[in-house]
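The values are calculated or read from the model by the stated rules, or taken from the named source; none is laboratory data. Computed from a predicted structure; not experimentally measured. Ideal geometry is used to build each Cβ from the backbone, glycine not excepted, and the neighbour counts take in all protein chains shown. SASA here: full protein model, heavy atoms, side chains in, ligands and nucleic acids out. Shrake-Rupley method; radii C 1.70, N 1.55, O 1.52, S 1.80 Å.
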Amino acid sequence: MKHLRRPARRGWLVAHIAVSVSWLGLTLGLLALGITACTTDSPAMTEAAYRAMKVFGDWLVVPIALVSLGTGVVLSLGTRWGLARHHWVWVKFWLTLVTLCLSAFSLRPEINGAVTAGVPDISLVAAPVVSSSAYFFMTAVSVLKPWGLTSRGRKHRAQERKAVDAASARPTI
């Protein structure tokens with residue numbers, strides 16, 4: 001894929017950051033609702049918290065996660081970072097994919113079960129804690145960019161250097 005031009009890259013970057021921050025905020029909201037459901041003495045409050053979690057889970061979690069994954073893939077493929085050239089990008093990609101799958105196939109059914117049961121469920125506190133931790137970790141990785149190049153990235157960089165060396169070694173007429 002060709003590199004994105006600066007205006008397009010900036011637009012994709014803004015979209016990616018906005019959606020990723022939304023995903024983190026949504027997860028923190030789910031955490032607040034889960035804590036409320038588990039700590040209240042009111043069965044009505046527990047039910048209301050789980051119903052609110054269901055709305056977020058049914059309508060927001062998966063679409064926001066998919067947009068975050070999609071914008072991240074576009075940015076990685078359309079910039080010098082590449083999808084598998086740097087460890088930090090590769091880790092973020094797989095962690096996003098895992099959290100997306102867990103949200104879709106584990107968290108949502110758990111919320112639906114809690115709405116039906118109407119009793120406090122500590123797993124609906126633990127899940128948002130784990131996912132929020134993953135999102136904070138991905139944010140830190142995005143800023144710090146640790147771990148260097150992957151083997152694929154080292155090969156790609158070596159090929160780029162060979163091409164530059166070959167171009168500069170040509171005699172000029």
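Stretched out straight at 0.36 nm per residue, the stretch from residue 38 to residue 8 would grow longer than its current Cα-Cα span by 6.3 nm. For residue 18 and residue 167, a Förster radius of 41 Å and the Cβ-Cβ distance give a FRET efficiency of 0.55, rounded to the nearest 0.05. The eigenvalues of the Cα gyration tensor, multiplied by 5 and square-rooted, give the range 40-103 an equivalent ellipsoid with semi-axes of 35, 11, 7 Å from largest to smallest. Close lysine pairs were tallied over the chain: pairs 8 or more places apart or on different chains with Cα atoms under 28 Å apart number 9. Between residue 48 and residue 60, the contour length at 0.36 nm per residue exceeds the Cα-Cα span by 2.6 nm. If you sort 132, 42 by accessible surface, 1.4 Å probe, largest first, the order is 42, 132. Sorted largest first by accessible area at a 1.4 angstrom probe radius, with every protein chain in place, the residues 165, 121, 58 fall in the order 165, 58, 121. Just so you know, the Cα atoms of the chain work out to an Rg and Dmax of 21.3, 86 Å. Here the accessible area of the range 100-173 is 64 percent carbon and sulfur, with a 1.4 angstrom probe and all protein chains present. Counting heavy atoms of the protein chains alone, residue 38 has an accessible area of about 40 Å² for a 1.4 Å probe. What base-10 log of the normalised intensity I(q)/I(0) is obtained for the range 118-173 from the Debye formula, alpha carbons as equal point scatterers, at q = 0.20 Å⁻¹? With no solvent term, the Cα-only Debye profile gives -0.85.
With runs of 4+ DSSP H residues as the only contributors, calculate the mean residue ellipticity of the chain at 222 nm using -39,500 (n - 2.57) per run, divided by the residue total and rounded to the nearest 500.
On the way: 7 runs with 131 residues, N = 173.
-26000 deg cm²/dmol, from helical runs alone.
Remark: the residue 136-residue 105 segment gains 9.0 nm on full extension, using 0.36 nm per residue and subtracting the alpha carbon distance.
Note that the range 1-122 presents 55 Å² accessible area per residue, ligands and nucleic acids not counted, probe 1.4 Å. Per atom type, the range 1-91 shows carbon and sulfur on 70% of its accessible surface, probed at 1.4 Å.
Tell me the label-point distance for the pair residue 94, residue 79, using the 7 Å Cα-to-Cβ offset, in nm and rounded to one decimal. Reported label-point gap for residue 94 and residue 79 is 2.1 nm.
Just so you know, the Cα atoms of the range 55-150 work out to an Rg and Dmax of 15.5, 50 Å. For the range 25-173, the relative contact order works out to 33 percent when only alpha carbon pairs closer than 8 Å and six or more residues apart are counted. Inter-part distance, the range 99-116 to the range 1-69, computed on C-alpha centroids, equals 13 Å.
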